[in-house]
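Some notes on the structure that comes next.
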Amino acid sequence: MAGRWIEHWDPEDETFWRETGERTARRNLWFSVLSEHIGFSIWTLWSVMVLFMGPEYGVDPAGKFFLISTATLVGAVVRVPYTFAVARFGGRNWTVFSALTLLVPTIAALVVMEPGTSYGTFLAVSALTGIGGGNFASSMTNINAFFPLRKKGWALGLNAGGGNIGVPVVQLAGLLVIGTAGAAHPRIVLAAYIPLILLAAGCAALFMDNLAPVQNDTGAAKEAVRDRHTWIMAVLYIGTFGSFIGYSFAFGLVLQTQFGRTPLQAASLTFIGPLLGSLIRPAGGWLADRYGGARITLVNFAAMAAATGVVVYASGIASLSVFLVGFTALFVLSGLGNGSTYKMIPGIFHAKAIAQGLRGEEAAARGRRLSGAAMGLIGAVGALGGLAINLAFRQSFQASGTGTAAFWSFLAFYGVGFALTWAVYLRRAAPVPAKPQLSYAEV
């Protein structure tokens, strides 16, 4: 794919950014959001399809949790190659291709979504939808290259938040169909997404650009893998994005299984949390730009632990209203934390470049190089947190009929995230090695 290539790109140069860069970067951002949005909808498609699967499908709650877990797993794994595809093929070219591939799982689900289909077939089609999860990694890597460091928190937060909204949108589509046509017509949802996929691919082809300076760097990938901050940030991202995507997949099933909601009742509540979590993500990036990502992330983990305590209490007294308050707060906080943790990644590697004696564009280029390599891995590991959440729910419901045990484990993990953020990035202002005047608290 030849495509549109930009040979020179220097967003840290304020004159270049003002005269040329900002306009081009924003255009690419908007259409990247559209493609990623559709990708998230397809990735989380089975969080909606399981609501259509009544007793006639012969799939129990544990089997449904395993279906959505399969989609989560594949979506996490494909994020790594999708990250490197941007440099290999170009951001615009890969966005077109990755959007078009979403037709495969959508059409496959359209064909098989009916009673009598074997569980193995459902499992295979659910796995196919996982490719939608890869769109996030390639989109974030691409947009990271377009924006200067001072704008990355806002840009990455907006890109990811707009993509995340694909989750509540597909859930709202499911609610609309169940509420009007009934739970026997899941194919209406699937058919509606085919023209939207074509629209996203067409807009990317017409309006996006490839950046020639963005190249795959095996050395950068190896260096990012060896850097402890890559793995520390991956753990933190498990707690934020892993929570968001895991809860997004599982929320409707939890309402049906633990509180006996009908498909229509579950669908009418499922979209609220993911919607609020998606909308708040850019605010998390903005707050991180202003106050430091580490500070926002620390407070966020404490608040997530408190919200989880509310959910555990609600489960104990079987109060749906209190449960909804706590669970909705978890969605909002996971979205806020998504923005703050992702802002930390480029800031950490830029700070390390300065600590190594680099300055100006040289430091910025090294920061982009390493953060771009790290983002794919961090995003993949973070998405595996969603898999862990779905499997924890499956085990909890199998063992006790409620999700309480799973929530206790989530609360413990948020405590780990709080402690890790404080110990590595905020304790005694956590100076960057070799340059005590720089602090990770600012990233």
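Counting only helices (runs of 4 or more DSSP H) that sit wholly inside the stretch 74-179, those with at least 1 residues that are open to solvent by less than 10 Å² (accessible area, probe 1.4 Å) and among the aromatic types (Phe, Trp, Tyr) are 119-129, 131-146.
Within the stretch 243-264, being among the polar types (S, T, N, Q) and either within 20 Å of Ser334 (Cβ to Cβ) or in a helix (DSSP H, G or I) (or both) holds for Ser243, Ser248, Gln256, Thr257, Gln258.
Of the residues making up the stretch 48-65, those that are assigned to a helix (DSSP H, G or I) and surrounded by 18 or more Cβ atoms within 10 Å (Cβ to Cβ) are Val48, Met49, Val50, Leu51, Phe52, Tyr57, Pro61, Lys64, Phe65. For the stretch 220-230: of the residues being in a helix (DSSP H, G or I) and touching a helix residue (DSSP H, G or I) at 6+ places or on another chain (Cβ under 8 Å), which is surrounded by the most Cβ atoms within 10 Å (Cβ to Cβ)? Result: Ala224.
In the set Ala419, Ala412, Ala406, only one residue is over 27 Å from Glu36 (Cα atoms), open to solvent by less than 10 Å² (accessible area, probe 1.4 Å) and free of Cβ contacts under 8 Å to residues at least 40 places away in the same chain; that residue is Ala406. Filtered by the rule that a residue be open to solvent by 50 Å² or more (accessible area, probe 1.4 Å), farther than 18 Å from Thr141 by Cβ and free of Cβ contacts under 8 Å to residues at least 60 places away in the same chain, the stretch 1-47 gives Ala2, Glu14, Thr15, Arg18, Glu19, Thr20, Glu22, Arg23. A search for C-beta distances below 9 Å between a residue of the stretch 186-209 that is over 20 Å from Gln171 (Cβ atoms) and any residue that is among the aromatic types (Phe, Trp, Tyr) and open to solvent by 70 Å² or more (accessible area, probe 1.4 Å), counting only pairs 6+ apart in sequence or on different chains, returns Ala201/Phe97; Cys203/Trp30; Phe207/Trp30; Asp209/Trp5. Among the residues of the stretch 354-380, what is the count of those that are open to solvent by 30 Å² or more (accessible area, probe 1.4 Å), in contact with a helix residue (DSSP H, G or I) (Cβ under 7 Å, 6 or more places away or on another chain) and not charged (D, E, K, R)? Looking only at that region, the number is 3.
Confirm whether Thr240 is among the hydroxyl-bearing types (Ser, Thr, Tyr), in a helix (DSSP H, G or I) and either in contact with a Ser or Thr (Cβ under 6 Å, 6 or more places away or on another chain) or more than 22 Å from Gly75 (Cα to Cα) (or both). When the stated conditions are applied, Thr240 passes them. The lone criterion from (1) farther than 22 Å from Val299 by Cα; (2) in contact with a Ser or Thr (Cβ under 7 Å, 6 or more places away or on another chain); (3) open to solvent by less than 10 Å² (accessible area, probe 1.4 Å) left unmet by Gln258 is number (3). Going through (1) of a type outside the set (Val, Ile, Thr); (2) open to solvent by 10 Å² or more (accessible area, probe 1.4 Å); (3) touching a Gly at 6+ places or on another chain (Cβ under 7 Å) one by one, Gly337 falls short only on (2).
The values are calculated or read from the model by the stated rules, or taken from the named source; none is laboratory data. Everything numeric in this text was worked out from a predicted model, so none of it was measured. Glycine gets a Cβ as well: all are built from the backbone with ideal geometry, and neighbour counts include every protein chain shown. Note: areas computed on protein heavy atoms with side chains; ligands, DNA, RNA excluded. Shrake-Rupley method; radii C 1.70, N 1.55, O 1.52, S 1.80 Å.
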